[in-house]
Amino acid sequence: MVGRFAPSPSGRMHLGNLFSCLLSWLSARSQGGRMILRMENLDPQRTSRAYGEQIMRDLEFLGLDWDEGPYWQSDRGGYYQRCLDRLAARGLVYPCFCSRAELHAANAPHASDGEYVYSGKCRGLSPGEVEALEKKRPPALRLRVRGKERFTDGHYGPYEQDLERDCGDFILRRSDGVFAYQLAVAADDGAMGVTEVVRGRDLLSSTPRQLYLYRLLGLRPPAFVHIPMLLAAEAGPGEAPRRLSKRDQDAGLDALRERFAAEEIVGRLAYLAGQLDRPEAVSAQELAKGFQWSKVPKEDIILPGDLLA
Ligand SMILES: [Zn+2]
C-alpha cells in the first residue's frame, strides 16, 4: 500500500490542502502503508521551490511524515517527454493551434469542472497546414481520445465518462512547453508505484482521463478515493458557499499556526472528517489507529466560522 502527498507549491497550504493531506496520510498509515511526497511544480510561473520547502515544514509541523521524496516534477521533464513520445509513436498525439479565446468561443463548457470539451478542430490538419501554422505560433499537443472510462471511486462509488463527448481530446503539453497536469500525474503515480490516490472531489471528473493514460502507457492505476470539498461559508445574504482559495488568508497555515497548536488543527480537521465526536486536540498518529473511511462525509463541508473568522 503506497499513498502520496502531491501538493502544488503555488502558495502557503490552506485548510483544503491540509484536509487532503491528512486523509491521504491517515488512510495510508491506518493500512500500514508508505507515503511518498511529490511536489507538483510543473508551472514555473505559478510555483516555487520556496513554497515547496514551506509545505514540507508545515507537513512536519502537523506530524504528517513521508518515507520517500520529495520528488519535484520540474526535475522530471525528460520522463514526461518519453511518455509523450511513446503516445506520439502510436499516432495518438497531434498539434493544436487554437488560442484560448478560440477554445472558449467554439467549445461547450464541460459540465462538471468548467473546462471545455474540445471540438477536435485541429485533429485533421494536413502536414502542410501544420507546417504553415507552426511558423505563426507554437502548438499545444493533444491526445486523441475514444471510448468510455469507468471506475469505482472508493468514496463516491461508480463513475463513468464518455471521453469524446464529455471531455474531448485533451492537452498533454501546453504551447509554452509545460507538461499538462493529466500527463504528469498519471505518469508519476504509475512510475512511483502509488496504489491509492486520495484527493478533493473537484478532481473526480479528471480521473477518467488519467485512467485512459494509464492504459495507453501500460501503467498500473491506483485506487482513487475522492473526498468532499471544504467550503467557506457565504460572505453575504444569498451567496452560496464557495471553494477555499489562497485569498482566504485566515484558512492559510501561516494564520492558523499563530492561533492553534498542531494537534488542535489536526483535531479540528479530523472532526470535520467525521473521525472525532468533538474538535479536540489529537495527534495524527493517534487518529491513524481508529481511522475509518465510512465516517468521512460525502457532502461538501462548510467550514465553521471560528476557523475563518
Ligand atoms: Zn485546436
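No lab work stands behind these numbers, since they all come straight from the coordinates. As the structure is a computational prediction, the values presented were derived from the model and not from experiment. Cβ coordinates were reconstructed from backbone atoms using ideal geometry, including for glycine residues, and neighbour counts include every protein chain displayed.
Select from Gly157, Tyr181, Ala140 the residue farthest towards the positive end of the dipole of the stretch 78-187; place +1 on Cβ of Lys and Arg, -1 on Cβ of Asp and Glu, and compute about the Cα centre.
Ranked along the dipole, the leading option is Ala140.
For all pairs of alpha-carbon atoms in the chain, what percent lies in each bin of width 20 Å, listed from the first bin to the last filled one?
Spelled out per bin, shortest first, that is 30, 57, 13, 0.
Which distance in Å, rounded to a whole number, links the C-alpha centroids of the stretch 203-274 and the stretch 110-175?
Centre-to-centre distance over Cα atoms comes out at 25 Å.
By how many degrees, between 0 and 90 and to the nearest 10, does the Cα long axis of helix 262-272 differ from the longest principal axis of the chain?
Here the helix axis deviates by roughly 70 degrees.
Could you list which residues have their amide H under 5 Å from that of Tyr116, counting only those 5 or more apart in sequence or on another chain, with H placed in the peptide plane?
The answer is His110.
Per residue of the chain, what 222 nm ellipticity follows from adding -39500 (n - 2.57) for every DSSP H run with n ≥ 4, rounded to the nearest 500? Numbers along the way, then the final one.
Working: 12 runs with 111 residues, N = 309.
Mean residue ellipticity at 222 nm (helix-derived): -10000 deg cm²/dmol.
Give me a comma-separated list of calculated 3J(HN,Hα) values for the stretch 250-258, in order, Karplus coefficients 6.51, -1.76, 1.60 applied at θ = phi - 60°, integers in Hz, x for any Gly or Pro.
For the stretch 250-258, the Karplus-derived couplings read 5, 8, x, 5, 5, 5, 5, 5, 6 Hz, x marking Gly and Pro.
Measuring from label point to label point, each 7 Å out along Cα→Cβ, what is the Ala281 to Leu216 span in nm?
5.1 nm
At a threshold of 8 angstrom on Cα-Cα distance, excluding pairs fewer than six apart, so keeping six or more, what relative contact order does the chain reach in percent?
20 percent
About its Cα centre, how strong a charge dipole does the chain have in debye, to the nearest 20, once Lys and Arg get +1 and Asp and Glu get -1 at the Cβ?
Details: 42 positive and 42 negative charges, 229 e Å.
With only Lys, Arg, Asp and Glu charged at Cβ, the dipole is about 1100 debye.
Extending each Cα 7 Å along its Cβ direction at Arg174 and Lys298, get the distance between those two points in nm, one decimal.
3.5 nm
Any idea how many Lys pairs in the chain come in under 29 angstrom at the alpha carbon, given 8 or more places apart or on separate chains?
Values: Lys121/Lys135; Lys121/Lys136; Lys121/Lys148; Lys148/Lys298; Lys246/Lys295; Lys246/Lys298; Lys289/Lys298.
Lysine pairs meeting both conditions in the chain amount to 7.
Taking amide H atoms as placed 1.01 Å from N in the peptide plane, list the residues 5 or more away in sequence, or in a different chain, whose amide H sits under 5 Å from that of Val178.
Correct list: empty.
Roughly how big is the stretch 63-166's charge dipole about its Cα centre, with Cβ charges of +1 (Lys, Arg) and -1 (Asp, Glu), in debye to the nearest 20?
Working: 16 positive and 17 negative charges, 144 e Å.
Value, rounded to 20: 700 debye.
Give the Rg (one decimal place) followed by the Dmax (whole number) of the stretch 78-187, computed from C-alpha coordinates and expressed in Å.
Expressed in Å, the Cα Rg and Dmax of the stretch 78-187 come to 14.9, 49.
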